[in-house]
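Worksheet for the structure shown next.
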Amino acid sequence: MRLAFCGNDNASAYNISAGVLRNVCFVDALNLVPHVFLLFITFPILFIGWGSQSSKVQIHHNTWLHFPGHNLRWILTFTLLFVHVCEIAEGIVSDTQMKSRHLHLFLPAVMGFVAATVSIVYYHNIETSNFPKLLLALFLYWIMAFVTKTIKLVRYCQDGVPFSQLRFCITGIMVILYGLLMAVEINVIRVRRYVFFMNPQKVKPPEDLQDLGVRFLQPFVNLLSKATYWWMNTLIISAHKKPVDLKAIGKLPIAMRALTNYVCLKEAYEEQKKKVEDHPNRSPSIWLAMYSAFGRPILLSSTFRYLADLLGFAGPLCISGIVQGFQNTTNNTNATEKVKDPSNSYLSSEEFLRNVYVLAVLLFLALILQRTFLQASYYVTTETGINLRGALLAMIYNKILRLSTSNLSMGEMTLGQINNLVAIETNQLMWFLFLCPNLWAMPVQIIMGVILLYNLLGVSALVGAAVIVLLAPIQYFIATKLAEAQKSTLDYSTERLKKTNEILKGIKLLKLYAWEHIFCTSVEETRMKELTSLKTFALHTSLSIFMNAAIPIAAVLATFVTYAYTNEKPLQPAQAFASLSLFHILVTPLFLLSTVVRFAVKAIVSVQKLNEFLLSDEIGDDSWRGGDSSVPYESCKKHTGLHTKAINRRQPLRYQLESYEQPARKQTRPVEIDDVAIKVTNGYFSWGSGLATLSNINIRIPTGQMTMIVGQVGCGKSSLLLAILGEMQTLEGKVHWSKLPGRQMNTEGYFSVNETEPSFEASRSRNRYSVAYAAQKPWLLNATVEENIIFGSPFNKQRYKAVTDACSLQPDIDLLPFGDQTEIGERGINLSGGQRQRICVARALYQNTNIVFLDDPFSALDIHLSDHLMQEGILKFLQEDKRTLVLVTHKLQYLPHADWIIAMKDGMVLREGTLKDIQNKDVELYEHWKTLMNRQDQELEKDMEADQTTLERKTLRRAMYPRESKSQLEDEDEEEEEEEDEDDNMSTVLRLRTKMPWKTCWRYLTSGGFFLLFLMIFSKLLKHSVIVAIDYWLATWTSMDNTNEARNADEDKSTEKTYHVAVFSILSGAGIVLCLITSLTVEWMGLTAAKNLHHNLLNKIILGPIRFFDMTPLGLILNRFSADTNIIDQHIPPTLESLTRSTLLCLSAIGMISYATPWFLVALVPLGIAFYFIQKYFRVASKDLQELDDSTQLPLLCHFSETAEGLTTIRAFGHEARFKQRMLELTDTNNIAYLFLSAANRWLEVRTDYLGACIVLTAAVTSITEGPHSGFVGLGLLYALTITNYLNWVVRNLADLEVQMGAVKKVHSFLNMESENYEGYLDPSQVPKDWPQEGEIKIENLCVRYENNLKPVLKHVKAYIKPGQKVGICGRTGSGKSSLSLAFFRMVDIFDGRIVIDGIDISKLPLHTLRSRLSIILQDPILFSGSIRFNLDPECKCTDDRLWEALEIAQLKNMVKSLPGGLDAMVTEGGENFSVGQRQLFCLARAFVRKSSILIMDEATASIDMATENILQKVVMTAFADRTVVTIAHRVHTILTADLVIVMKRGNILEYDTPENLLSQEDGIFASFVRADM
């Protein structure tokens, strides 16, 4: 048959006698002209001009300018393309009904399709290269196309073609579309004025894109790229070559930054506050605030969601149509084909939609659209959720900075609560936002579904729907139970973590006292409770999974059985499969609804908590000092590790923020006499309980002089400082800060500071009012040493050096691996107390402030360091600067240096004045001090300086050497990255980065036991086979009914029906039961695995050598118990379940389709390859992004808890603004990582969804051309539709599992650790009950090292201690004193020599026996949370009398008696409710309780004031008269009364004699010590 444009079966085709335009064929030809014109013009431009460049060079997105009407143009063009597709289809369908080919029916449409595609490509290229003049070509094209189409439409009208004809509709729609596109083009000319105007408009790209750091392009790319996340390709593909890092993801666009959103939300919240001001009992609504700030995007997302849901129903309808059509064609094969008359070649839309192939294509397009809308809806909610979280975090942080201290210390707002707000509540709200469009989309979806079902099946459909609706409340019930179980699990795990944390913090003490097992069992008890609630959690999870799988089966069963018995007509395949897929659609919203409702409930609770927090007490505005924040936003030092600067470039925002944050402080203060810096009159201050802690305070602090505050432990010295700083509640009285002259400040509260290198004067004038403050408990940032000391001030080299020398930090810094650039973190975990304290003091000295407050800076320092600090730092550095200094101290020997002394007692001021005044007025007090000062005021020995460097450094060196070995233990995950540097052979690295951790998976699965593993695999496979069998049976049943219509024997039919229904019911029942079994086995297996892993981990760690704890940061170990255990407990089982389920579903679906139409397998090959690459690339990128998200979350949470801990310090320094800035940066960094992660998920889902749509199309086409009978066509399509839902779950779950297996891997890395050797050569029963009775100690040739690869710390030490002797050991820090004390307990590796106590070599004893028979008092006082009784005697062996006796000896009896509950009074975590001195006394009492004949005191008196210390000395002499006491001395005078003194240096004994003999040797080391310490 020859081809002809107008067809060759009609002679009149080329006849134009009635006029040219009356000829249909000519009009169609005319329609070709514009399309050809466009192609002719644009192709050369595209190929020669920008086309070549833009395809090769990635144009920088600076030029991503959108011309006006950008989105509208894209939408119109897509609509145009869709209409073109319909036109082509209509043409082809009409053409098949002709005798010969009529090209004019579809060729113009094909050309139109090509032209429309070219137009949008062309437009995109012009837009990216910003050359609007070339748009004229498009303008002309739209005009021509519009004109030609209009001619065609007019021609149809004249011919009187009825409106119902499809071609008429299509032409009409085309005319409208071309007209609109023309209008868009005219608008571009109007706005941009690129032609016909004299002055074309200059356009600047959006602000974000001028900043090259913004890599998140979603808001800026064109519509197609937005919908398919095309711009993510570069990132995801590059992830394969090198890991994604913070640099690769850049910064957040301005609109998404925390600051922008914070200002929005804050304004909305303030509005709400205003509304409820008149109603005292109503609190402002955060919900309304959130709605007014973020309502619009949520509405947009909901719109997308509705569109997607409506398009979702196209699936069932198309299936029904295709199966129906297929049936008709098979039934009507013998009917004669009608041949249409060419002149009347119009199709009505109904005829068009009866065509099976048309339906297949429509189904494909509907799926693609539906999925695009769905992902768009998800993306918008995600972005809004992230914005909301950023805003909430900023609000919480600003509130933290204004919280009253009493709130924190009295425990109304614990650190834990604040951390929960940050980590949990904000995330709950974010998640709620993610899910909230579901709340209103789902009811609509359900109602639509039920209506369609009713149309298909009539009344019996309602039975099925009723089953679903009735079972939904059960779902909800299970969901609430789940939430409860999760909450109780959370409570238990918090308790378990608290206990674990205490164990790890006090691990040294536990080991020395042999109490590990007591604490270990207490953790195990909590863990058992946690596991019980985890069991209920697992049970409900599995029930919920079971319901989700079983409800559709039950509903389908009910429906079809009802239908079979109520309807005369047999069930048609079309009805069966359409209703099946409708049921699948219905179940999802019902299942999700329970989840969404649960999240809504959680969100309501979170909002309540947030509101409580935001309305809680703030610090009084009376602390007006803080009003002038001394650091303006801009001069915030940018943090090195981050590339975000959260401040908006537009000026106003910053001022807005400033004006928000600073409440109007009273600037005017009564001006005092100039020589008084601070004056307190008639002050009564409390810690928020209403009871005055400090009463009747009248003091003055002279300007430029040193004021000392002295007094006994717990008399309110620190509280006085905090009261002056405005941290306490003022009950009455005033704190006056004198106005200092020369205070320069410009109006907006910004200080003019010359940014580059501020001269001393400039920075002096800047901080007129600010105070430098060093708290008693050292507080360090997770930052470098240098950052901790500088604390946001400009760096000045001389000053920095002077300060570090004054605090003698230089030698410590030299020991650190990277000098002062070393990160000290986890609250400065890798430094000793003294070093941390010195860094805090250095920070206070370094700041350029007029006033310096030092709270007991000497407490953790030994005598040389204290003297050096006093001389160099305080007397020289501060006094030369003429700075006002307030010093709280126990060291009375420094009193002569003070210009002004304030003596305190029991929260009152005892005396105030100079030392002379006190000497004259209060002789008694002066004499008391004199006796306490064990030395007169004499010049310091200068010869001490030489030894300065050995101080306190050994421990640090010890901690630093094994850093290398630690880093290996810590993370095996990084080996992969390391390999990259070693060998440039990229392929191995790629393989590592794309490989699944199968080995770890296997370890995890086997730790649940083999039986359960086998059961799980078996039941899973069985369940899926049964489910396939159900559908297969349905297909045969419905098809059978149709073919057997000829047989009309009634009884045959009824028996057959009964037979079909019975098999169907049995299979369904089996399916439901199997669903339950599988969901239970998976959860059970997960539980067993979790139980075993935690048990092994805990026992391994508790029995680990002390060395391990010195080397591994506490945070790292805790992480294994918190985050990793949580993942293993709660996250891996559901992921595993979901993964196996979706994989098996996909496999069974593919198997089913291939069975129905084998040709499908051929089409599957390319799709399979595409799928493989998508998942491969995605998994790598997703893993990196998830790690980034986790790793950026940690600093953020740390920053919050750090701020809450160092609140007083930050406020004293007035650095709130700088910390806010840092918080905004950290939040933005975390948010950008999360945003990219969710964009990557969308990228994956869009791609797998499109693949799914392709599978549906191929399945439809192959089954239509090749299919056996209609039932199987329906079956194939049904399964193809389910694949689209489950493909992306396979990949997502794979990626999640890969990340979650990291937790198992980390836990396993700890399980391979060496334990201490607890078994001895002797059986515990062989050791005498009362050993050691005498307390005789022989040390023979002892050599000790910390680990077998390190140098020995004790070398051949020999000593003999008689029973009952009091021995003092002294020496510089690092001389091996503490190592000797640890050797008695075998905490260190004794590799040569031995220690014999009462005739038994301790290396032969079981460790537990040895350690439980000796007593030790450590340098750091450690108390555990619990009762006082528990702290003194956790084993519960002693009587109350014995405990009271111990407390009396330790001078604590009266204090404990006054507490509520006496011995059962509670001790808070870490003993925070007692002062440091009191804690030390408790530790002494604890040692007395254990009646051991040997007591070792390791620098136990370091943090006690002298009065208490003298009491202690007496006690040791009396209460321990008959026991052997080994004292490691901090201050030499404490061992002057000893029977024997051992002087050590560098692990050797230098002097060994009675103190009298040693003192008589003038040039001896001991003598020089004593002289220095008089």
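Results, tabulated for the structure shown:
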{"quantity": "Some residue of segment 450-460 being over 19 Å from Pro297 (Cα atoms), open to solvent by 50 Å² or more (accessible area, probe 1.4 Å) and in contact with an Asp or Glu (Cβ under 9 Å, 6 or more places away or on another chain)", "calculated": "no"}
{"quantity": "Test for Leu512: is it farther than 20 Å from Asn1092 by Cβ, open to solvent by less than 20 Å² (accessible area, probe 1.4 Å) and either in a helix (DSSP H, G or I) or in contact with a Cys (Cβ under 8 Å, 6 or more places away or on another chain) (or both)", "calculated": "yes"}
{"quantity": "Test set (1) open to solvent by 10 Å² or more (accessible area, probe 1.4 Å); (2) of a type in the set (Ser, Thr, Tyr); (3) within 26 Å of Val244 (Cα to Cα); (4) touching a helix residue (DSSP H, G or I) at 6+ places or on another chain (Cβ under 6 Å) - Ser1191 fails condition number", "calculated": "(4)"}
{"quantity": "Looking only at segment 1533-1561, and only at residues there that are surrounded by 23 or more Cβ atoms within 10 Å (Cβ to Cβ) and in a helix (DSSP H, G or I), the one that is modelled with the highest pLDDT", "calculated": "Ile1535"}
{"quantity": "In segment 87-107, residue surrounded by the fewest Cβ atoms within 10 Å (Cβ to Cβ) [restricted to those that are outside any helix (DSSP H, G or I) and in contact with a Gly (Cβ under 7 Å, 6 or more places away or on another chain)]", "calculated": "Ser100"}
{"quantity": "Residue tally, condition at pLDDT below 85 and either over 32 Å from the mean Cα position of the chain (by Cα) or among the polar types (S, T, N, Q) (or both), over segment 777-818", "calculated": "6"}
{"quantity": "Candidate set: segment 268-290, residues that are free of Cβ contacts under 8 Å to residues at least 12 places away in the same chain and assigned to a helix (DSSP H, G or I); chosen: the one farthest from Thr588 (Cα to Cα)", "calculated": "Lys274"}
{"quantity": "Count - residues of segment 649-700 that are at pLDDT below 50 and outside any loop (DSSP other than H, G, I, E, B)", "calculated": "11"}
{"quantity": "Tally, over segment 1448-1465, of residues that are loosely packed, with under 12 Cβ neighbours inside 10 Å and closer than 17 Å to Asp1433 by Cα", "calculated": "1"}
{"quantity": "Among (1) open to solvent by less than 30 Å² (accessible area, probe 1.4 Å); (2) within 14 Å of Arg1429 (Cα to Cα); (3) of a type outside the set (Lys, Arg), the one test that Thr1468 misses", "calculated": "(1)"}
{"quantity": "Arg190 vs. criteria part of a helix (DSSP H, G or I) and either more than 30 Å from Pro253 (Cα to Cα) or modelled with pLDDT under 80 (or both)", "calculated": "no"}
{"quantity": "Test: Arg215 is out of contact with any helix residue (DSSP H, G or I) (no Cβ under 9 Å at 6 or more places or on another chain) and of a type outside the set (Gly, Ala, Ser)", "calculated": "no"}
{"quantity": "Candidate set from segment 1299-1336 (those that are among the polar types (S, T, N, Q) and free of Cβ contacts under 8 Å to residues at least 12 places away in the same chain); member that is least open to solvent (accessible area, probe 1.4 Å)", "calculated": "Ser1325"}
{"quantity": "Segment 1174-1199 residues that are touching a residue at least 40 places away in the same chain (Cβ under 8 Å) and closer than 23 Å to Phe1219 by Cβ, paired with ones that are surrounded by fewer than 18 Cβ atoms within 10 Å (Cβ to Cβ) and of a type in the set (S, T, N, Q) (beta carbon under 9 Å, 6 or more apart)", "calculated": "Leu1197/Asn419"}
{"quantity": "Close pairs (6 angstrom Cβ cut-off, 6 or more residues apart or separate chains): aromatic (Phe, Trp, Tyr) in segment 1338-1363, open to solvent by 60 Å² or more (accessible area, probe 1.4 Å) and in a strand (DSSP E or B) anywhere", "calculated": "Tyr1360/Lys1338"}
{"quantity": "Qualifying positions in segment 474-504 - within 21 Å of Val587 (Cβ to Cβ), touching a residue at least 40 places away in the same chain (Cβ under 8 Å) and open to solvent by 30 Å² or more (accessible area, probe 1.4 Å)", "calculated": "Ile474, Tyr476, Thr480, Lys481"}
{"quantity": "Pairs with Cβ under 6 Å, 6+ apart, first in segment 15-39 and among the hydrophobic types (A, V, I, L, M, F, W, C) and modelled with pLDDT of 80 or more, second assigned to a loop (DSSP other than H, G, I, E, B) and open to solvent by less than 30 Å² (accessible area, probe 1.4 Å)", "calculated": "Cys25/Cys6"}
{"quantity": "Test: residue in segment 165-173 that is closer than 29 Å to Thr117 by Cβ, without any contact (Cβ under 8 Å) to a residue 40 or more places away in the chain, among the polar types (S, T, N, Q) and surrounded by 20 or more Cβ atoms within 10 Å (Cβ to Cβ)", "calculated": "yes"}
{"quantity": "Selection from segment 1490-1510 of residues that are at pLDDT 80 or above and either surrounded by 20 or more Cβ atoms within 10 Å (Cβ to Cβ) or polar (S, T, N, Q) (or both)", "calculated": "Ser1492, Ser1493, Ile1494, Leu1495, Ile1496, Met1497"}
{"quantity": "Qualifying residue in segment 1115-1133 (condition: open to solvent by less than 30 Å² (accessible area, probe 1.4 Å) and not in a helix (DSSP H, G or I))", "calculated": "no"}
{"quantity": "For Leu471: the one exception among (1) open to solvent by 40 Å² or more (accessible area, probe 1.4 Å); (2) touching a residue at least 24 places away in the same chain (Cβ under 8 Å); (3) within 33 Å of the chain's Cα centre (by Cα)", "calculated": "(3)"}
{"quantity": "Residue in segment 1369-1377 that is open to solvent by 10 Å² or more (accessible area, probe 1.4 Å), at pLDDT 85 or above and closer than 30 Å to Val1543 by Cβ present", "calculated": "no"}
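This table checks each residue for (1) assigned to a helix (DSSP H, G or I); (2) open to solvent by less than 10 Å² (accessible area, probe 1.4 Å).
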{"position": "Lys1338", "(1), (2)": "no, no"}
{"position": "Val1344", "(1), (2)": "no, yes"}
{"position": "Asn1348", "(1), (2)": "no, no"}
{"position": "Leu1354", "(1), (2)": "no, yes"}
{"position": "Lys1358", "(1), (2)": "no, no"}
{"position": "Pro1363", "(1), (2)": "no, no"}
{"position": "Asp1392", "(1), (2)": "no, no"}
{"position": "Pro1421", "(1), (2)": "no, no"}
{"position": "Arg1429", "(1), (2)": "yes, no"}
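The values are calculated or read from the model by the stated rules, or taken from the named source; none is laboratory data. Fair warning: this is a prediction, and the values are worked out from it, not measured in the lab. Positions of Cβ are generated from backbone atoms using ideal geometry, with glycine treated the same way; all protein chains shown enter the neighbour counts. Protein only, heavy atoms only, side chains kept; ligands, DNA and RNA dropped before computing areas. Shrake-Rupley method; radii C 1.70, N 1.55, O 1.52, S 1.80 Å.
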